[in-house]
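Here the structure is laid out as structure tokens; the discussion comes afterwards.
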Amino acid sequence: MDLNSWFEKGMTWGEYVDSMMKNKEEMLSVYERFSLTSEDKSRLESLKEQKLRAIVLTEDWCGDALLNNPILMKIAESAGIELRFVLRDQNLELMDQYLTNGTSRAIPIYIFIDQEGNEVEVWGPRAPEVQALVMEGRAGLPDKDAEDFQEKQIAMYKELVTSYQNDAAIWKTVSNSIMNTLL
């Protein structure tokens with residue numbers, strides 16, 4: 001299937017939000033509290049004439065999607081980018097074309113396309129600075145075969161997701177990363 005067909009298959013923002021079973025309130029909270037600066041909005045104005053669209057490979061249980069999707073939505077609103085949300089687990093044929101490091105089905109992945117359906121840019125699953133935070137957290141975990149590994153890993157991810165929901169500096173980092181990919 002070509003990218004235009006994947007785009008047409010996807011859900012709108014409203015349909016995606018309505019379908020969410022997990023992280024809905026948390027994601028909407030980030031959406032309501034995050035805003036682009038007037039400088040960001042000015043920069044994004046230049047994208048309107050390109051009439052970009054984006055396929056958002058995502059799942060509602062994903063902590064990175066909880067952080068990144070509402071920020072992408074704000075960027076899309078300012079840049080005139082139409083979004084369609086495609087669930088990763090039901091669309092592995094598309095996901096497997098956008099593996100992270102050639103092996104991982106990490107999400108979210110944003111596939112920006114032009115009106116003809118040509119890929120223009122791809123972003124995801126994390127801003128480099130957020131990836132560094134995750135790697136730093138993982139480095140502090142005990143060995144995988146340690147008795148307390150799973151407990152410590154769960155605690156680390158819980159702390160990370162809490163910062164995703166509340167740290168405006170992380171939101172700005174993500175927004176800058178997405179915008180720098182597009183501009």
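Take GLU59 and decide whether it is open to solvent by 30 Å² or more (accessible area, probe 1.4 Å) and either of a type outside the set (Ser, Thr, Tyr) or without any contact (Cβ under 8 Å) to a residue 40 or more places away in the chain (or both). Quick ask: steps written out before the conclusion?
Values: open to solvent by 30 Å² or more (accessible area, probe 1.4 Å): no; either of a type outside the set (Ser, Thr, Tyr) or without any contact (Cβ under 8 Å) to a residue 40 or more places away in the chain (or both): yes.
No, not satisfied.
For the condition over 18 Å from TRP123 (Cα atoms), in contact with a helix residue (DSSP H, G or I) (Cβ under 8 Å, 6 or more places away or on another chain) and outside any strand (DSSP E or B), what is the one hit in LEU72, LEU28? It would help to see each step written out before you state the result.
Numbers: LEU72 fails: over 18 Å from TRP123 (Cα atoms).
The unique qualifying residue is LEU28.
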The condition of being over 28 Å from LEU133 (Cβ atoms), among the small types (Gly, Ala, Ser) and out of contact with any Phe, Trp or Tyr (no Cβ under 8 Å at 6 or more places or on another chain) holds, among SER46, SER35, only for SER46
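Being part of a loop (DSSP other than H, G, I, E, B) and out of contact with any helix residue (DSSP H, G or I) (no Cβ under 7 Å at 6 or more places or on another chain) is the requirement here; does GLN115 meet it?
On the way: part of a loop (DSSP other than H, G, I, E, B): yes; out of contact with any helix residue (DSSP H, G or I) (no Cβ under 7 Å at 6 or more places or on another chain): yes.
Spelling it out, GLN115 is indeed part of a loop (DSSP other than H, G, I, E, B) and out of contact with any helix residue (DSSP H, G or I) (no Cβ under 7 Å at 6 or more places or on another chain).
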Residues being open to solvent by 90 Å² or more (accessible area, probe 1.4 Å) and within 24 Å of ASN23 (Cβ to Cβ) - total across the range 146-165: 6
Restricting to the range 133-145, give me the number of residues that are assigned to a helix (DSSP H, G or I) and either open to solvent by 60 Å² or more (accessible area, probe 1.4 Å) or not small (Gly, Ala, Ser) (or both). 6
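Would it be correct to say that LEU44 is at negative phi, aliphatic (A, V, I, L, M), in contact with a Ser or Thr (Cβ under 8 Å, 6 or more places away or on another chain) and assigned to a helix (DSSP H, G or I)? Steps first, please.
Values: at negative phi: yes; aliphatic (A, V, I, L, M): yes; in contact with a Ser or Thr (Cβ under 8 Å, 6 or more places away or on another chain): yes; assigned to a helix (DSSP H, G or I): yes.
Against the criterion (at negative phi, aliphatic (A, V, I, L, M), in contact with a Ser or Thr (Cβ under 8 Å, 6 or more places away or on another chain) and assigned to a helix (DSSP H, G or I)), LEU44 qualifies.
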Could you please tell me which pairs satisfy a Cβ distance under 6 Å, a separation of 6+ or placement on different chains, a first residue in the range 1-25 that is part of a loop (DSSP other than H, G, I, E, B), and a second residue that is open to solvent by 40 Å² or more (accessible area, probe 1.4 Å) and of a type in the set (Phe, Trp, Tyr)? LYS22/TRP61
Applying the selection to the range 92-115, what residues are open to solvent by less than 10 Å² (accessible area, probe 1.4 Å) and of a type outside the set (A, V, I, L, M, F, W, C)? PRO108, TYR110
Looking at the range 119-132, I want the residues that are part of a helix (DSSP H, G or I) and have a partner that is hydrophobic (A, V, I, L, M, F, W, C) and open to solvent by less than 70 Å² (accessible area, probe 1.4 Å) with Cβ atoms under 8 Å, at least 6 apart or on another chain. Which pairs are those? VAL130/LEU67; VAL130/ILE170; VAL130/VAL174
Can you say whether TYR110 is assigned to a helix (DSSP H, G or I), within 20 Å of the chain's Cα centre (by Cα) and hydroxyl-bearing (Ser, Thr, Tyr), as far as the supplied structure shows? no
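The values are calculated or read from the model by the stated rules, or taken from the named source; none is laboratory data. It should be emphasised that the depicted structure is a prediction, and the values quoted were computed from it without experimental measurement. Methodologically, a virtual Cβ is constructed for each residue, glycine included, from the backbone with ideal geometry; neighbour enumeration extends over all protein chains shown. Protein only, heavy atoms only, side chains kept; ligands, DNA and RNA dropped before computing areas. Shrake-Rupley method; radii C 1.70, N 1.55, O 1.52, S 1.80 Å.
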